[in-house]
Amino acid sequence: MLYNHNMDYAQYIYLINNPNQKNIKDLMQPKSVLIQNQIRKQYKKYHMGGLTEKDFFPPDENIVVERLLHYIDIAPHKHEFCECSFVFTGSCIHNVNGFNFKQHTGNFIYIPPNVTHTLYPIDSSVCLTIKVRTNTFRRMTIPDLLSFTCPVSFECNNDDFISRIILCMYYQQQNKNLYFRELCFHLLQTLLLYILQNYGKNSTILMPRIKKSTQIVDILSYIANHYQTVTVKEIAAFFHYNESYFSRMFREQTGQTFSNILRQYKLEKAADLLQRTSLPLNQICDSVGYKDVSQFIHSFRQTYHMTPGQYRQQQTSPND
C-alpha cells in the first residue's frame with residue numbers, strides 16, 4: 001500500500017528495476033516520476049497493440065507460473081500469449097473486455113490471446129496465473145482445443161488434484177531442476193485435459209450478454225471434430241436449429257461469427273503442421289480443409305502477419 005492507496009504498475013516496475021531504492025518517498029522524486037511516466041507511455045502500446053511474448057517471456061521459457069500480486073493496480077491490457085488463472089482461496093475480479101466477472105475459490109479461467117483483461121485480488125486471496133506461449137499451447141494434445149477459443153471459466157469446486165498440479169508447476173519453475181520445462185508442459189496439458197473431462201459441462205463463456213450455456217461446449221467440440229468440412233447449414237441441422245437463428249445465437253454465445261472461429265481453428269491446425277512436419281503447402285491445405293492455396297496464404301498472412309513459409313522458418317528456433 002502507498003499512503004492507503006494501491007501502487008500502480010509503473011511505480012511497481014520502477015522499484016523492481018531499482019531494488020536499492022527501498023524508501024517509498026523515492027517514488028515521488030522528480031527523476032523517479034519522469035522514469036515512471038516513461039514506463040506508463042511504453043505501457044500504452046500493450047493496451048493498444050498487445051504485450052508480445054518477447055516483452056514478457058525469458059528467452060528459454062515457454063510457461064511462466066506466478067502468484068497474483070496484491071496492492072498493485074495493473075491497467076487493462078492484452079497480449080499475444082495465453083493466460084490461465086486459478087484461485088486457491090478467497091476471490092478475485094477478472095475484468096474481461098470491460099466487464100467484471102467474479103472469480104472465486106476453485107474457479108479456473110482461461111484467457112486466449114488478444115483479449116483485453118486485468119485481474120484484481122480481493123483482500124487476502126491467493127491466486128496463481130499461468131502464462132503460456134501460443135505455439136507451446138498449440139503443441140498440446142487437447143481434443144477440445146476449440147473450447148479455448150473464447151475467454152472461458154470452469155467451476156472446479158475444491159478439487160485438490162487441480163491445486164496440486166498447479167502448485168507442482170510453480171515448484172518446478174521456482175527450483176528449475178532437471179527437465180522442469182518438460183514437466184511443466186506435460187503438467188499443464190494434463191491439467192487442461194482433466195478440467196475438460198470433469199468440468200467441461202460446468203464452463204461459462206465470459207460474455208456479459210448471455211446466460212450460462214452448456215450446449216456451446218458441445219457445438220465447439222463438434223466443430224473441432226469436423227472442422228475440415230463442417231458448414232453452418234450442417235451444424236445447425238445437427239443441433240436442430242434454424243440456420244439464421246444458429247448463426248445469431250453462436251455469435252451471441254462466443255462473441256465471434258461461426259466462420260471466424262472455424263477459420264481461426266483451421267489456421268491453428270495448419271500452423272501446427274507447419275511447425276511439426278515437412279509436408280508441402282498443398283497437402284497442409286488439404287488436411288485442414290482449404291481448397292485454394294492462394295486463399296489459405298492470404299488468410300494465414302492476415303492472422304500471423306507472415307507467409308506460411310516464413311512461419312515455418314521462424315519455428316525452427318528451439319525456444320518456440
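Summary of values
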quantity: Inter-residue pairs, beta-carbon under 9 Å, first over 17 Å from D218 (Cβ atoms) and outside any helix (DSSP H, G or I) and in segment 239-250, second among the small types (G, A, S) and open to solvent by less than 60 Å² (accessible area, probe 1.4 Å), 6+ apart; calculated: N242/A236
quantity: Criterion: touching a residue at least 40 places away in the same chain (Cβ under 8 Å) and open to solvent by 70 Å² or more (accessible area, probe 1.4 Å) - qualifying residue of N157, N177; calculated: N157
quantity: Pair list, Cβ under 8 Å, 6 or more apart: segment 59-88 residue at negative phi and open to solvent by less than 20 Å² (accessible area, probe 1.4 Å), other residue of a type in the set (V, I, T) and assigned to a loop (DSSP other than H, G, I, E, B); calculated: H79/T52; V87/T105
quantity: Every residue from segment 181-216 that is part of a helix (DSSP H, G or I), modelled with pLDDT under 90 and more than 17 Å from C84 (Cβ to Cβ); calculated: K201, Q215, I216
quantity: Qualifying positions in segment 274-320 - surrounded by fewer than 18 Cβ atoms within 10 Å (Cβ to Cβ), of a type in the set (A, V, I, L, M) and part of a helix (DSSP H, G or I); calculated: V293, I297
quantity: Selected residue (criterion: most open to solvent (accessible area, probe 1.4 Å)) from residues of segment 95-148 that are of a type in the set (G, A, S) and more than 24 Å from S259 (Cα to Cα); calculated: S124
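The values are calculated or read from the model by the stated rules, or taken from the named source; none is laboratory data. Small disclaimer: the values here were computed from a predicted structure and weren't measured. When we count neighbours, we look across all protein chains shown, and the Cβ atoms used for this are built from the backbone with ideal geometry, even at glycine. Heads up: the accessible areas ignore ligands, DNA and RNA and are worked out on the full protein's heavy atoms, side chains in. Shrake-Rupley method; radii C 1.70, N 1.55, O 1.52, S 1.80 Å.
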